[in-house]
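Contents: one structure, followed by commentary.
Just so you know, all these numbers are worked out from the coordinates, no wet-lab data involved. Note that the structure is a prediction, hence the values are computed from the model and not measured. As a convention, Cβ positions derive from the backbone with ideal geometry for all residues, glycine included, and neighbour counts pool all protein chains shown.
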Amino acid sequence: MGLKNTFANNLKRIRKRNKLTQEQFAELVNVAPRHISFLETGRSFPSCELMERICNILHADISELFKKLEYTTNSLNDEQLNYLVKMAEELY
C-alpha cells in the first residue's frame, strides 16, 4: 500500500473514531466535503497547512496518519492483536 493510501485509510479511521461525518470534519478544517472524500480515497493529498489543521482537529499525531498496520492473520502477537481490537472498538 502506498503512502497516499495509508494516509487515506488512517484519516478515515481516525475521523470515524472522533465520530465526525465527512461534512462535519470538512467544516472544522475549512475545506469542502468533496475534498475530504478525495483525501480519504487517495485521490488527493493535503498541503502542510491542511495536514496541521487535520491533526489539531482530530487530536492525532502526524505519525498516526502514516502508520502502516502490518500483520498476517497467523502471526499476530499480543500487542498487535490488542491494537487491532482497540481500533475496531473505536470504529463502532
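What to note about this one:
- F38 sits among other residues whose Cβ lies under 15 Å from its own Cβ, and their net charge, with Lys and Arg +1 and Asp and Glu -1, is +3.
- Distance between modelled label sites at N30 and M87, nm, 7 Å Cα→Cβ extension: 3.1 nm
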